[in-house]
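> Just dropping this structure here.
The values are calculated or read from the model by the stated rules, or taken from the named source; none is laboratory data. The shown structure was predicted, so the numbers you read here are calculated from the model rather than taken from an experiment. In this analysis, Cβ positions are derived from the backbone assuming ideal geometry, glycine residues included, and neighbour counts consider all displayed protein chains.
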Amino acid sequence: MLTPPQPGLEYFGASVRGRSHIQQIRPNEDAWMGMSGAFGTAIVISDGMGSKPNARIGAQMACRAVRDALKPWAKSENAPAATLLRLVHLFWGLRVLPQKEEDSAATCLFVAVLPSGELTIAQLGDGIAAIRNADGSLEILQGERQGFTNQTTGLGIAKTTKDWTVITKPALSPNAAVLLATDGIADDLVADRTGDFIHTLVTEFGSMAPTARRRALHRELRNWATPNHLDDKTLAVIWRKQAEDEHK
Amino acid sequence: MSKLKDFSIATARMMPVIILADVSGSMAAYGKLAALNRAIAEMIAIFASEQDAGAEIHVAVITFGGDGANFHQTLQPASQIQWTDMEAKGPTPMGAAFELATRFLENKTEIPSRSYHPNLILISDGQPTDERGRISDNWKKPLEQLLNSDRASKALRFAMGIGPDADEETLKAFLIGQHPEIPVFRADETRIEQFFRWVTVTVSSRSRSVNPNSVSPIDFDNLEELLDV
């Protein structure tokens, strides 16, 4: 049975196949997952690397590996984030067996809110992880990429947790939201509109019933406005509602 | 009506093609520069007519000849380029071309990070010189900087030596460290267009690929077969 998110927390996500994969009759190689339990509430997205034969499974297993890793990690008081990341690598490596890790390479971005309220955001590989604070200010986990699109690291490539970017915060403030998106979306976002993008997702889509939201989001992502867009597209958002909403 | 349309960039991701063309005085001989002009114009026309490309191919041409390196053609979508022929003059300051190419490729305003990795094409018929025309190895340091830079080093590189005087050492050094290995294409004035057909097929194939950054150059031995299709 699904555990509901912690009080005040909401999340949703969506993933669609890109035009290239549709034309080539290949599956969606992105994945996302939202999860709640004794460990808290979390969202994960992953982009399986297109050149790898087991990319789709690699992405799906990245989502499950984060859930696997959060369970023991959240139980240990003051366990460092690096331990969580090591666990993600470990569980992912087990889950992609018997395939080789390098054949299953996938990015991994996640947000976890522990029962204590502490927030951890982590990113390995390209895509975007961004916090829109209640005052509208924006924090992006990784700066602009150094190279070009689709040149990235991920599970199955990175050999050390130093390749991750991680931040922790005491809490996710009321009305603050965190966006995760794969590069099919992230690379096409207008840089100075990212905060508005997150706000629109929360206000316009967050209030919809799940089935209607899924349909509406899939339609938006399939009809993405950037010309010639090819990539699979995945996003997930988590936010904390205003305190007064929690009492309703 | 879309609620997210306003947040996405309204232009396609670019695939840059940057040509470093030797326009030293010797290129005027035996119709070499005339053949090069024709070949580049034909390549641009083919890129402009690509219908099903996922990436929009942009082309720039840096010429080196006379007293330095300059943009003969600034980076623009192939479909918008009105090609004008290059003219030959003076010595072969190839080092200046490497410097200009590195600066340009590292500039995220000119080539945004959302672009696919660039194609960089070197064409020369002689030995590099300084600006006064003396044989010089002043190209080595700029090339080393290009090959070790964050972004320029990620370009897919091609090289063509025209005629017997083209300097093999320089052209090979330009291609070093690529996987799979890409050989220097040796040409006389009659094979220049063939080289550009090979580059055109490779770039077009990349632009149509599900993962444009993972495509290797087309096997040159299969080129004629591909062109017949």
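> Of these, B:Ser79, B:Ser2, B:Ser26, which one is within 14 Å of chain A (Cβ to nearest Cβ), outside any loop (DSSP other than H, G, I, E, B), over 13 Å from the mean Cα position of the chain (by Cα) and among the small types (Gly, Ala, Ser)? Walk me through how you get there before you give the answer.
On the way: B:Ser2 fails: outside any loop (DSSP other than H, G, I, E, B); B:Ser26 fails: within 14 Å of chain A (Cβ to nearest Cβ).
The conditions single out B:Ser79.
> Just need a number here: residues in segment B:57-101 that are charged (D, E, K, R) and either buried (at least 23 other Cβ atoms within 10 Å of the Cβ) or out of contact with any helix residue (DSSP H, G or I) (no Cβ under 8 Å at 6 or more places or on another chain) (or both).
Number satisfying all stated conditions: 1.
> Give the residue that is nearest to A:Trp224 (Cα to Cα), with candidates limited to residues of segment B:30-49 that are of a type outside the set (A, V, I, L, M) and either surrounded by 22 or more Cβ atoms within 10 Å (Cβ to Cβ) or touching a residue at least 40 places away in the same chain (Cβ under 8 Å) (or both). Let's see the steps before the verdict.
First, pick out the residues of segment B:30-49 that are of a type outside the set (A, V, I, L, M): B:30-32, B:37-38, B:42, B:47, B:49.
Checking which are either surrounded by 22 or more Cβ atoms within 10 Å (Cβ to Cβ) or touching a residue at least 40 places away in the same chain (Cβ under 8 Å) (or both) leaves us with B:30-32, B:37-38, B:42, B:47.
Details: B:Tyr30: 52, B:Gly31: 48, B:Lys32: 46, B:Asn37: 39, B:Arg38: 38, B:Glu42: 33, B:Phe47: 24 Å.
Looking at residues that are of a type outside the set (A, V, I, L, M) and either surrounded by 22 or more Cβ atoms within 10 Å (Cβ to Cβ) or touching a residue at least 40 places away in the same chain (Cβ under 8 Å) (or both), I get B:Phe47.
> From the list A:Val96, A:Val113, pick out the single residue that is under 26 Å from A:Pro4 (Cα atoms) and either under 18 Å from the mean Cα position of the chain (by Cα) or surrounded by 15 or more Cβ atoms within 10 Å (Cβ to Cβ) (or both).
Details: A:Val96 fails: under 26 Å from A:Pro4 (Cα atoms).
Result: A:Val113 is the single residue among A:Val96, A:Val113 that is under 26 Å from A:Pro4 (Cα atoms) and either under 18 Å from the mean Cα position of the chain (by Cα) or surrounded by 15 or more Cβ atoms within 10 Å (Cβ to Cβ) (or both).
> Could you list, in sequence order, the residues of segment B:37-68 that are among the aliphatic types (A, V, I, L, M) and more than 14 Å from the chain's Cα centre (by Cα)? Spell out the reasoning first.
Taking segment B:37-68 and keeping what is among the aliphatic types (A, V, I, L, M), we get B:39-41, B:43-46, B:48, B:53, B:55, B:57, B:59-62.
Residues satisfying the conditions are B:Ala45, B:Ile46, B:Ala48, B:Ala53, B:Ala55.
> Could you list all residues from segment B:59-76 that are part of a strand (DSSP E or B) and in contact with a Gly (Cβ under 7 Å, 6 or more places away or on another chain)?
Step one: list which residues in segment B:59-76 are part of a strand (DSSP E or B), which gives B:59-65, B:68-76.
Answer for segment B:59-76, where residues must be part of a strand (DSSP E or B) and in contact with a Gly (Cβ under 7 Å, 6 or more places away or on another chain): just B:Gly65.
> Related question: Taking segment B:175-191 on its own, how many of its residues are exposed (fewer than 10 other Cβ atoms within 10 Å of the Cβ) and either out of contact with any Pro (no Cβ under 9 Å at 6 or more places or on another chain) or without any contact (Cβ under 8 Å) to a residue 12 or more places away in the chain (or both)?
Number satisfying all stated conditions: 2.
> Restricting to segment B:50-66, name every residue that is more than 16 Å from B:Ser124 (Cα to Cα) and touching a residue at least 12 places away in the same chain (Cβ under 8 Å). Full working, then the answer.
Going through segment B:50-66, the residues more than 16 Å from B:Ser124 (Cα to Cα) turn out to be B:50-60.
B:Glu50, B:Asp52, B:Ala53, B:Gly54, B:Ala55, B:Glu56, B:Ile57, B:His58, B:Val59, B:Ala60 - these are the residues of segment B:50-66 that are more than 16 Å from B:Ser124 (Cα to Cα) and touching a residue at least 12 places away in the same chain (Cβ under 8 Å).
> Let me ask something else about it. What tally of residues in segment B:111-137 results from selecting those that are within 14 Å of another protein chain (Cβ to nearest Cβ) and in contact (Cβ under 8 Å) with a residue 12 or more places away in the chain? Reasoning before the result, please.
Filtering segment B:111-137 down to residues within 14 Å of another protein chain (Cβ to nearest Cβ) leaves B:111-120.
Of the ones still in play, those that are also in contact (Cβ under 8 Å) with a residue 12 or more places away in the chain are B:111-112, B:114-120.
Of the residues in that region, 9 qualify.
> Against the conditions (1) surrounded by fewer than 19 Cβ atoms within 10 Å (Cβ to Cβ); (2) closer than 18 Å to A:Phe110 by Cα, where does A:Pro27 fall short? Just the number, please.
For A:Pro27, the failing item is (2).
Quick grid of which residues meet (1) touching a His at 6+ places or on another chain (Cβ under 7 Å); (2) aliphatic (A, V, I, L, M); (3) closer than 24 Å to A:Ser36 by Cα:
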site: A:Leu124; (1), (2), (3): no, yes, yes
site: A:Arg132; (1), (2), (3): yes, no, yes
site: A:Ile157; (1), (2), (3): no, yes, no
site: A:Lys162; (1), (2), (3): no, no, no
site: A:Ala176; (1), (2), (3): no, yes, yes
site: A:Thr194; (1), (2), (3): no, no, no
site: A:Ser207; (1), (2), (3): no, no, yes
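> Here is a further query. Could you say which residue among B:Glu144, B:Glu106 is over 21 Å from B:Gly66 (Cβ atoms), surrounded by fewer than 22 Cβ atoms within 10 Å (Cβ to Cβ), out of contact with any Gly (no Cβ under 6 Å at 6 or more places or on another chain) and more than 13 Å from chain A (Cβ to nearest Cβ)?
Details: B:Glu106 fails: more than 13 Å from chain A (Cβ to nearest Cβ).
Step by step, each of B:Glu144, B:Glu106 is checked, and only B:Glu144 is over 21 Å from B:Gly66 (Cβ atoms), surrounded by fewer than 22 Cβ atoms within 10 Å (Cβ to Cβ), out of contact with any Gly (no Cβ under 6 Å at 6 or more places or on another chain) and more than 13 Å from chain A (Cβ to nearest Cβ).
> Identify all residues within segment B:147-157 that are within 14 Å of another protein chain (Cβ to nearest Cβ) and surrounded by fewer than 21 Cβ atoms within 10 Å (Cβ to Cβ); write none if there are none. Working first, answer last.
Of segment B:147-157, the ones within 14 Å of another protein chain (Cβ to nearest Cβ) are B:148-156.
Result: B:Asn148, B:Ser149, B:Asp150, B:Ser153, B:Lys154.
> Quick one: which of B:Ile40, B:Ile18 is part of a helix (DSSP H, G or I) and within 24 Å of B:Arg103 (Cβ to Cβ)?
Of B:Ile40, B:Ile18, the one residue that is part of a helix (DSSP H, G or I) and within 24 Å of B:Arg103 (Cβ to Cβ) is B:Ile40.
> Give segment A:116-125 a look and list any residue that's buried (at least 23 other Cβ atoms within 10 Å of the Cβ) and touching a helix residue (DSSP H, G or I) at 6+ places or on another chain (Cβ under 8 Å), or say none.
Residues satisfying the conditions are A:Ala122, A:Leu124.
> Within segment A:178-236, can you find the residues that are facing another protein chain (nearest Cβ under 7 Å) and not acidic (Asp, Glu)?
Within segment A:178-236, A:Leu189, A:Val190, A:Arg193, A:Phe197, A:Thr200, A:Asn223, A:Trp224, A:Ala225, A:Thr226, A:Pro227, A:Asn228, A:Leu230 meet the criteria.
> Which of the residues spanning segment A:4-24 are more than 19 Å from the chain's Cα centre (by Cα), at pLDDT below 85 and assigned to a loop (DSSP other than H, G, I, E, B)?
Scanning segment A:4-24 gives A:Pro7, A:Gln24.
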